[in-house]
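Below: the structure, in structure tokens.
A short reminder: the numbers here are calculations on the coordinates, not readings from a lab. Quick caveat, the model's predicted, so the values are computed rather than measured. Neighbour counts are summed over all protein chains in view; Cβ atoms, including those assigned to glycine, are modelled from backbone coordinates with ideal geometry.
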Amino acid sequence: MEIVLVSLFNGLVYGMLLFMLASGLTLIFSMMGVLNFAHASIYMIGAYLAFTVSRFVGFFPALIIAPLLCALIGAAIEVWGLRRVHHNGHIAELLFTFGLVFIVQRSVQMIWGMLPMAYRVPPSLDFSLFTIYGANFPAYRGFMLLVSVGMLVATWLLLKKTRIGLVIQAALTHPQMASALGHNVPRVFTIVFAGGCLLAGLAGVIGGNYQTTEPGMAESMGPIVFVVVVFGGLGSLAGCFVASILMGLIMTFAVVINTSMLDLLRPLGITVTGDNLFTEILTVPVARIGALLPFAMMIIILSFRPRGLMGTRDT
Amino acid sequence: MSDAALALKNVGKAFGNLEIIRGVSLDIARGERHAIIGPNGAGKTTLFNLISGRFRISSGEILLNDVRIDGLPPHKINRMGLSRSFQITSIFHRLSVFENLRCALLWSMGYRYSFWTPLWLQRELTARTDAMLEDLNLTPRRDTAAGLLSYADQRALEIGMTIAGGASVILLDEPTAGMSNSETDNAVALIRRVSKGKTLLMVEHDMKVVFDLADVITVLVYGQVIASGPPHIVRANPAVQEAYLGALDAA
């Protein structure tokens, strides 16, 4: 029982972290029409910047400064990079962001080195929030949940209830019409890109000390975020939210389930013995294939529903 | 100030070696309703894209109220008082009818990119949007997603969005394309009503609409103007009859 509750919390925390990354990626996708490969790289930059900034001014100022720096980096990438290659079509944009991944990774290695950073949870949040069935729930996870829910609400209000949100929604679907109505669409695109990078940076700040801040973190996070965006449906924020939470829960629960296929078959009176490949596969516990599950689910949804959960266009 | 609201001076446009627009000169007088007709591929929509700033012109000059606008980005041209609609309906499908119109009004009411002022506090904006809805007979559909409107209502909404910003020069690209006869009659009445006091330039294939609405007709064939003038003179022009109206008269 305690495992279920603790995993539920952990899954929610991880799901919200995924959503912070995936929401920015989805918004940028709606605008560019291509996936931004370098999105998880911004997440990594956010974590490293937070580590460095927090050494000088402490964690809480870094929580604000690092995402803002990421937004500036994003704006620079859009204005001086993407906008120029945009004329050459989607493939050029895709390759541009693909190249960016390597540039960011090498730069991070050159500046901060190959080893993991000692980026730790701030002492003021390093205590146990409550204890359920003898298991401790760290306060920092509660804090992560709080920050990500706050960000979710803020983004929703911005998009649905303010003028800039209205113009963003308009420009995402019909940029030409929006510019024919007097809206500066290139400026809107820069704002969206910078905003997406801000969210990714924030995810990096609160995720960097939850996981580890090391040069491989973009590489390990990137594919999962892609899966979430594709699973939820390209261009759909609601679908992206559902997929993030679902994926967070699945990945958290998978590592604590020790049952194998064989255990599920046993109550039905089926037993398999022997030393062959078939038995081998059936006896693998779920925990060992946990990391595979998101990708397996993506393949399944792509085969049966290419639009994803709530997507508006085919993948 | 000359009395031309919009003037094209020897405008040319080439894509690579392909010349689409070949030295078009046009003066569109203030308050005039001007129709551009011509066979498919004559360059009518390209001409619109040049005027509205979507494409850059290769040669010549375009003046809006005596100010050069060629080379400016579309949103700047719009802010100088020229607004256009698109041949393919380009409303924002997922937003409600009300939000579509509000989006069209935002800039002209000087709201720019304000992040923090919430939309629901802007009573004047809401009031003007509702007035526009009434004008377009779309009030019952105020909160419907624009994508769910009937085709004719979508086109009406787009015309509404085009004029909402208060532009003095309106470009309509085939406003009645794909409509039934009665829908077309309604659209013509709407265009006549909302273009009052404004300069209207439109591309249209429906000759009934053209002769009904236009004060001046320009015939474009292979990127060149072959005739321009009041409807009865253009209709009588032998070159026009040969190039374009011939088939219609025979029918």
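For B:A127 and A:I132, what is the calculated FRET efficiency with R₀ set at 51 Å and r taken between the beta-carbons, to the nearest 0.05? Show your work: numbers first, answer last.
Values: r = 54 Å, r/R0 = 1.06.
After rounding to 0.05, the efficiency reads 0.40.
Could you tell me the ratio Rg/Rh of the stretch A:202-244? Both radii from Cα atoms, Rh via Kirkwood.
Values: Rg = 11.8 Å, Rh = 11.2 Å.
Here Rg/Rh amounts to 1.05.
Per-residue Cβ counts within 10 Å, from other chains only, averaged over B:72-81: what number is that? Walk me through the numbers on the way to the answer.
On the way: counts 0, 4, 11, 11, 3, 3, 5, 4, 1, 0.
Mean shielding count: 4.
Counting only other chains, and only Cβ atoms inside 10 Å, what mean value do you get across the residues of B:92-105? Intermediate values should be presented prior to the final figure.
Working: counts 10, 3, 5, 4, 0, 0, 0, 4, 4, 0, 3, 11, 7, 2.
Rounded to a whole number, the mean comes out at 4.
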With N residues in chain B, Rg(alpha-carbon) / (2.2 N^0.38 Å) equals 1.04
Count of Lys pairs (Cα-Cα under 28 Å; at least 8 positions apart or interchain) in the protein assembly as shown:
17
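Using a 10 Å cut-off on Cβ atoms, rank the peptides B:152-163, B:130-141 from the highest mean neighbour count down.
Values: B:152-163: 22.5, B:130-141: 16.2.
Result, highest mean first: B:152-163, B:130-141.
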Chain A: translational diffusion in µm²/s, Stokes-Einstein, Kirkwood Rh over Cα pairs, 20 °C, 1.002 mPa s
103 µm²/s
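Can you pull a Stokes-Einstein diffusion coefficient for the protein assembly as shown at 37 °C (0.692 mPa s), Rh from Kirkwood over Cα pairs, as a whole number of µm²/s? Don't jump to the answer; show the numbers that get you there.
Numbers: Rh = 27.1 Å.
Rounded, D is 121 µm²/s.
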DSSP beta bridges in the protein assembly as shown, what fraction antiparallel, as a percent rounded to 5?
65 percent
Which of the listed residues, B:M207, A:N276, A:F98, is farthest toward the dipole's positive end in the protein assembly as shown, when Lys, Arg count +1 and Asp, Glu count -1 at the beta-carbon?
A:F98
Out of every Cα-Cα pair in the stretch A:19-166, what percent are more than 28 Å apart?
33 percent
Virtual paramagnetic centre 7 Å along Cα→Cβ of B:N10, amide N under 11 Å, in the stretch B:51-70:
B:59-61
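Over all distinct Cα pairs, what is the inverse of the mean 1/r for the stretch A:138-272, reported as the Kirkwood hydrodynamic radius in Å? Before the final figure, lay out each step's value.
Values: mean 1/r = 0.0552 Å⁻¹.
Its Kirkwood hydrodynamic radius stands at 18.1 Å.
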Each residue of B:155-162 has, on average, a number of other protein chain C-beta atoms within 10 Å of its C-beta equal to 1
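Could you order peptides A:227-234, B:71-78 by the average number of other Cβ atoms within 10 Å of their residues, highest first? Write out the running numbers ahead of the final one.
Working: A:227-234: 26.5, B:71-78: 19.0.
The most tightly packed comes first, giving A:227-234, B:71-78.
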Structure-based [θ]222 nm, chain A - -39500 (n - 2.57) summed over DSSP H runs of at least 4, per residue, nearest 500:
-22500 deg cm²/dmol
Could you give the semi-axes, largest first, of the ellipsoid that matches the stretch A:164-221, computed as the square roots of 5 times the alpha carbon gyration tensor eigenvalues and rounded to whole Å?
34, 10, 8
Cβ neighbours within 10 Å, averaged per peptide: list A:238-246, A:8-16 in order, most packed at the top.
A:238-246, A:8-16
Tell me the label-point distance for the pair B:A29, A:V153, using the 7 Å Cα-to-Cβ offset, in nm and rounded to one decimal.
6.2 nm
The stretch B:19-162, Kirkwood Rh and Cα Rg, ratio Rg/Rh at 1.01
